[in-house]
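K.L.:
Provided herewith is a single structure, encoded as C-alpha cells, for subsequent inquiry.
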C-alpha cells in the first residue's frame with residue numbers, strides 16, 4: 001500500500017529530519033504514528049501526501065510515486081491536518097464544492113457521519129468552533145472513501161463525547177482495502193483501536209510492530225509494591241507503580257501505549273533490542 005524507501009529529508013537551512021528512512025504500511029490496519037515533538041511525524045504525513053518531496057529516496061502508494069503529484073497518486077488518500085482551516089461556507093456548500101474531487105465520495109455516508117456528530121448540513125462553517133470544524137473534516141475524509149486516510153492529531157479540539165463518537169465512526173469505516181495512519185500524542189483518545197505502532201526517534205524508526213507482536217514481547221503491569229526483580233521500565237503513579245517487563249511466560253496483558261512510549265524514550269537502545277528480537281518471547 002504505502003512504501004517509503006531510503007528517504008532522506010531536510011528543511012532548507014534546517015537539520016536532517018530523516019536519514020535512510022524505510023517503512024511499509026499495509027491495508028486493513030490502523031497505524032499509530034508516535035514520537036516527540038520535532039521528530040518528523042507531520043513531515044512524514046506530508047511526504048506521503050506529496051506536500052513535501054524527499055531529497056533522496058521514494059515514497060509511493062499502491063506502486064504510484066509521489067513525484068510528480070499525479071492525479072493517480074493524489075486520488076488515493078485524504079489528509080486531515082492538525083490545523084483545521086475551512087472556507088466560510090455552509091456544510092452542504094462545502095460538500096458540493098469538494099466532493100467531485102473524490103470519485104468514490106458518498107454523500108449519504110457524509111450525512112450519516114454528520115448526524116453522529118450532531119452537525120446539520122445547513123450549519124455555517126464560519127460560526128463553528130475549532131472542534132466542530134475538525135468533525136466536519138473528519139466526516140468528509142471518511143465519506144471520501146479513499147484507500148489511505150492520514151490524520152494529524154485528529155482528536156485535538158474534540159471534547160470527551162466527541163472523542164467517543166470519533167472512535168465509533170472510524171471503527172465503522174475500517175476495511176481490508178483501506179489504510180489509516182494517525183499521528184497523535186493523545187494515545188488514550190484512541191482506546192484500543194490501533195493495531196500497529198510506528199515510533200519515530202532521532203531521524204529513524206525506533207518501533208515498527210503490530211500490537212500482537214508487542215504483546216508477545218513485553219508485559220504491562222500495575223502493582224502497589226515497588227518491584228525488586230528485573231524490569232525494563234517503571235514509573236510511579238497514585239496507586240503504586242506501572243511496570244514494563246519482558247514477556248518470559250507468554251502472558252497476555254492489555255497494551256499500555258503511553259507506558260510503552262515512555263519506556264522507549266527512557267532507554268531506546270534496550271527497547272529496540274527487546275522489541276526487535278527474533279525470539280517470540282524474551
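K.L.:
Considering (1) surrounded by 15 or more Cβ atoms within 10 Å (Cβ to Cβ); (2) more than 19 Å from residue 102 (Cα to Cα); (3) in the same structural domain as residue 142 (by TED's automatic domain parsing), say which one residue 73 fails and leave the rest.
P.N.:
Every condition holds for residue 73 apart from (2).
K.L.:
Quick check on my filter: what residues within the range 117-129 are in a helix (DSSP H, G or I) and at pLDDT 95 or above?
P.N.:
125
K.L.:
If you go through the range 143-153 one residue at a time, do you hit one that is over 23 Å from residue 174 (Cβ atoms) and touching a strand residue (DSSP E or B) at 6+ places or on another chain (Cβ under 8 Å)? Give the derivation first.
P.N.:
Let us first name the residues in the range 143-153 that are over 23 Å from residue 174 (Cβ atoms), namely none.
Scanning the range 143-153 turns up no residue that is over 23 Å from residue 174 (Cβ atoms) and touching a strand residue (DSSP E or B) at 6+ places or on another chain (Cβ under 8 Å).
K.L.:
How do the pairs read when you match residues in the range 45-69 that are closer than 18 Å to residue 26 by Cβ with residues anywhere that are surrounded by fewer than 13 Cβ atoms within 10 Å (Cβ to Cβ), using Cβ under 7 Å and keeping only pairs 6 or more apart or on different chains?
P.N.:
64/70; 64/72
K.L.:
Based on what the data block shows, is residue 103 modelled with pLDDT of 95 or more and over 30 Å from residue 19 (Cα atoms)?
P.N.:
Numbers: modelled with pLDDT of 95 or more: no; over 30 Å from residue 19 (Cα atoms): yes.
For residue 103, the condition - modelled with pLDDT of 95 or more and over 30 Å from residue 19 (Cα atoms) - is not met.
K.L.:
Checking the condition under 20 Å from residue 143 (Cα atoms) and assigned by TED's automatic domain parsing to the domain that holds residue 135, which residue from 79, 34, 44 passes?
P.N.:
Numbers: 34 fails: under 20 Å from residue 143 (Cα atoms); 44 fails: under 20 Å from residue 143 (Cα atoms).
The unique qualifying residue is 79.
K.L.:
Any idea which of (1) surrounded by fewer than 18 Cβ atoms within 10 Å (Cβ to Cβ); (2) closer than 30 Å to residue 65 by Cα; (3) free of Cβ contacts under 8 Å to residues at least 60 places away in the same chain; (4) over 18 Å from the mean Cα position of the chain (by Cα) is the one residue 83 doesn't satisfy?
P.N.:
(4)
K.L.:
Right, something else. Within the range 258-273, identify whether any single residue is exposed (fewer than 13 other Cβ atoms within 10 Å of the Cβ), in contact with a helix residue (DSSP H, G or I) (Cβ under 9 Å, 6 or more places away or on another chain) and at pLDDT below 90, and answer yes or no.
P.N.:
Within the range 258-273, the subset exposed (fewer than 13 other Cβ atoms within 10 Å of the Cβ) is 269, 273.
Those still in the list that are in contact with a helix residue (DSSP H, G or I) (Cβ under 9 Å, 6 or more places away or on another chain) too: none.
No: zero hits.
K.L.:
Still on this structure, I have one more. Counting just the residues of the range 162-191 that are touching a helix residue (DSSP H, G or I) at 6+ places or on another chain (Cβ under 8 Å) and not in a helix (DSSP H, G or I), which one comes out surrounded by the fewest Cβ atoms within 10 Å (Cβ to Cβ)?
P.N.:
Restricting attention to the range 162-191, the residues satisfying the condition of being touching a helix residue (DSSP H, G or I) at 6+ places or on another chain (Cβ under 8 Å) are 162-163, 165-170, 173, 180-184, 187-191.
Next, from what is left, pick out any that are not in a helix (DSSP H, G or I): 173, 180-184, 191.
Working: 173: 15, 180: 25, 181: 24, 182: 26, 183: 23, 184: 21, 191: 12.
The residue in question is 191.
K.L.:
Residue under question is residue 138, and the condition is that it be in the same structural domain as residue 88 (by TED's automatic domain parsing), in a helix (DSSP H, G or I) and either at pLDDT 95 or above or farther than 24 Å from residue 37 by Cα (or both); does it hold?
P.N.:
Working: in the same structural domain as residue 88 (by TED's automatic domain parsing): yes; in a helix (DSSP H, G or I): yes; either at pLDDT 95 or above or farther than 24 Å from residue 37 by Cα (or both): yes.
Taking the combined requirement at face value, the residue satisfies it.
The values are calculated or read from the model by the stated rules, or taken from the named source; none is laboratory data. This one's a predicted model, so the numbers in the text were calculated from it and none came from an experiment. Note: ideal-geometry Cβ built from the backbone for every residue, glycine included; neighbour counts use all protein chains shown.
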